[in-house]
Amino acid sequence: MPVYRPVCRIMRRMSELEIGFDPSAGKQAALNVLMEQIMNSYSVSDDEGPLTDAVERFLKRQPHLTVRRHGDTLVASTYFGRAQRVILAGHLDTVPVIDNFPPKWLEPGDPLIREDVAAGHEGERVIWGRGATDMKGSDAVMLYLAATLTEAGYDLTYVFYDHEEVAAEKNGLRKVVEAHPDWITGDFAIIGEPTDCGIEGGCNGTMRFDVITHGVAAHSARAWMGENAIHKAAEILNRLNAYENRAIEVDGLTYQEGLNATLISGGKGTNVIPDECRVHVNYRFAPDKTLAEAKALMIGADAGAELGNGEHMATGGVFAGFGIEMKDESPSARPGLSSPLAASLVGLVKERTGRDPLAKLGWTDVARFAILGIPAVNLGAGSPLLAHKHDEQLPESDLTLMADLLEDWLR
């Protein structure tokens, strides 16, 4: 069993972080300690290493686990000899900090507790700070289960991975699947993305690309000698404004699509007519279409724009006639709720919480498991509406609710 270590409020030296809890203190206390420890470890993407080191030491103290590491991704597996294997996966990285690190516990009545959080959790402590909902709450629950579920009804594989919040090429789960596919095998997977402890099926796909205009540089005092690339970008914005995002039903769940400009850049000086402008676009597409079909809708089926091959002309779709440079792309995943294991988990969650499954509107690694042929769902602590927000926060009862659901289902 894990050894209790006092929790330091702010871990200035991440290499000293130790994870552990007193098994006699009770479930809520154990979960709170684990949550506080990992929340105090700064783990913005590219800086997950110290937290990964601490999680690795914690997992290796559990005698029933076989622990492997690839980069900053950990895979800890049981070998109980059960007929089926369930994978529990959570990423350790967070998005960048926005004046919300170090974390802190908020006592009932604290003005920093959001009204929507307080309304459902009166008289309850709330942990505030970067990563509280996305997704260190679920990580804390998985660490607790990894230490305490020594007689589960399934063999279990816990995956704690890096670089989920950045480009897909850096994703630690992707890398371990490519390097060690035998480590990631199973009959069902649960991704701990925040869902308010309900089930969210499948996920939207995502792609990011630059839409590019070109001009001719000139002195702004003699603008007629050039062509203004930024002015040309107005048509890109017009097409974005005119595009109608759709809500699409797939296998009984409704996925909301979205097409948005998220960045814009252009110009080399305040007195120079710009010769290039780039509008960075993010398309979130429903799982009724493949990645190739989604790209065709945006840039045409034969545009030839792929990751890493530079700029190509859009031959059709929304951005026909503009230059396109692909930056990131990940496929969608259908709900995957038809498998017997998924159905039994859906039934338990419905019984305990009254919640029916919903569609996952963001992209998650459910899509990666779908490619592997492993049915998977999203189920995690915290509200998905608070992910990445500056006031990200999690009521402590979400930790016990998620732990209780998974304990009962996995036993």
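Descriptive notes on the structure:
- If R0 is 35 Å, the Cβ-Cβ spacing of residue 22 and residue 371 corresponds to a FRET efficiency of close to 0.30.
- ³J(HN,Hα) computed for each position of segment 83-96 - Karplus, 6.51 cos²θ - 1.76 cosθ + 1.60, integer Hz, glycine/proline x: 6, 10, 10, 10, 9, 10, 10, x, 8, 8, 8, 10, 6, x
- Partner lysines for residue 360 [C-alpha distance under 30 Å; skip if fewer than 8 residues away on the same chain]: 27, 104, 136, 170, 175, 289, 295, 327, 350, 389
- For the pair residue 60 and residue 280, label points projected 7 Å from Cα toward Cβ lie 3.7 nm apart.
- Here each label is just a point 7 Å from Cα along the line to Cβ, and for residue 219 and residue 234 those points are 2.6 nm apart.
- Sorted peptide list for 93-105, 159-171, criterion being average Cβ within 10 angstrom, highest first: 159-171, 93-105
- With all protein chains modelled, accessible area of residue 280 [1.4 Å, Å²]: 20
- Loop trypsin sites (Lys or Arg not before Pro), segment 244-322, which have at most 13 other Cβ atoms in a 10 Å radius of their Cβ (DSSP): 246, 268
- For residue 331, net neighbour charge (Lys/Arg +1, Asp/Glu -1) across residues whose Cβ lies under 15 Å away: 0
- Seen from all directions on average, segment 88-172 presents a Cα convex hull projection of 7.7 nm².
- Extension gain, residue 105-residue 408: 0.36 nm per intervening residue step, less the Cα-Cα distance, totals 106.3 nm.
- Taking a ≥ b ≥ c as the square roots of the eigenvalues of the Cα gyration tensor, an a/c ratio of 1.5 or more together with a/b larger than b/c marks segment 197-268 as prolate.
- Rounded to the nearest 10 square angstrom, residue 154 shows an accessible area of 40 square angstrom against a 1.4 Å probe.
- Carbon/sulfur fraction of accessible area - the chain, other protein chains in place, 1.4 Å, %: 51
- Note on segment 205-330: the C-alpha convex hull projects to 8.0 nm² when averaged across all orientations.
- Sites residue 116 and residue 302 - FRET efficiency at Förster radius 56 Å, r taken between beta-carbons, to 0.05: 0.75
- Leading residue at positive end of dipole, segment 118-208 (Cβ point charges), from 205, 188, 129: 129
- For segment 108-171 and segment 247-319, distance of Cα centres in Å: 32
- Farthest toward positive dipole pole in segment 205-330 [+1 Lys/Arg, -1 Asp/Glu at C-beta], among 218, 230, 279: 218
- Lys, Arg +1 and Asp, Glu -1 on Cβ, resulting dipole of the chain about Cα centre, debye, nearest 20: 420
- Full extension of the chain between residue 151 and residue 46 yields a length gain of 34.2 nm, computed as 0.36 nm times the residue separation minus the alpha carbon distance.
- Bridges between two residues of the chain, per DSSP, are antiparallel at a rate of about 75%.
- Interchain or long-range residues, amide H under 5 Å from residue 255's placed H: 248, 249, 250
- In the calculated pair-distance distribution of the chain, the portion above 33 angstrom amounts to 38 percent of the Cα-Cα pairs.
- In the context of the full set of protein chains, segment 205-330 has a per residue accessible area of 50 Å² (1.4 Å probe).
- Hull shadow area, averaged, segment 134-289 [alpha-carbon convex hull, nm²]: 13.8
- Centroid-to-centroid separation of segment 342-378 and segment 190-214 [C-alpha atoms, Å]: 14
- In the chain, helices alone account for a calculated mean residue ellipticity at 222 nm of -7500 deg cm²/dmol, with every DSSP H run of four or more residues adding -39,500 (n - 2.57).
- Using the Cβ-Cβ distance between residue 79 and residue 179 with R0 = 25 Å, the FRET efficiency computed as 1/(1 + (r/R0)^6) comes to roughly 0.75.
- Normalised by 2.2 N^0.38 Å, where N counts its residues, the alpha-carbon radius of gyration of segment 1-159 equals 1.06.
- Phi angles across segment 209-216 convert, under the Karplus curve 6.51 cos²θ - 1.76 cosθ + 1.60 with θ = phi - 60°, into 3J(HN,Hα) values of 7, 8, 9, 10, 10, 10, x, 10 Hz, Gly and Pro given as x.
- Stretch gain in nm, segment residue 339-residue 247, where the contour uses 0.36 nm per residue and the Cα spacing is subtracted: 30.6 nm
The values are calculated or read from the model by the stated rules, or taken from the named source; none is laboratory data. Small disclaimer: the values here were computed from a predicted structure and weren't measured. With ideal geometry, Cβ positions are generated from the backbone for all residues, glycine too; neighbour counts draw on all protein chains shown. Please note that ligands, DNA and RNA were not included when accessible areas were found on the heavy atoms of the full protein model with its side chains. Shrake-Rupley method; radii C 1.70, N 1.55, O 1.52, S 1.80 Å.
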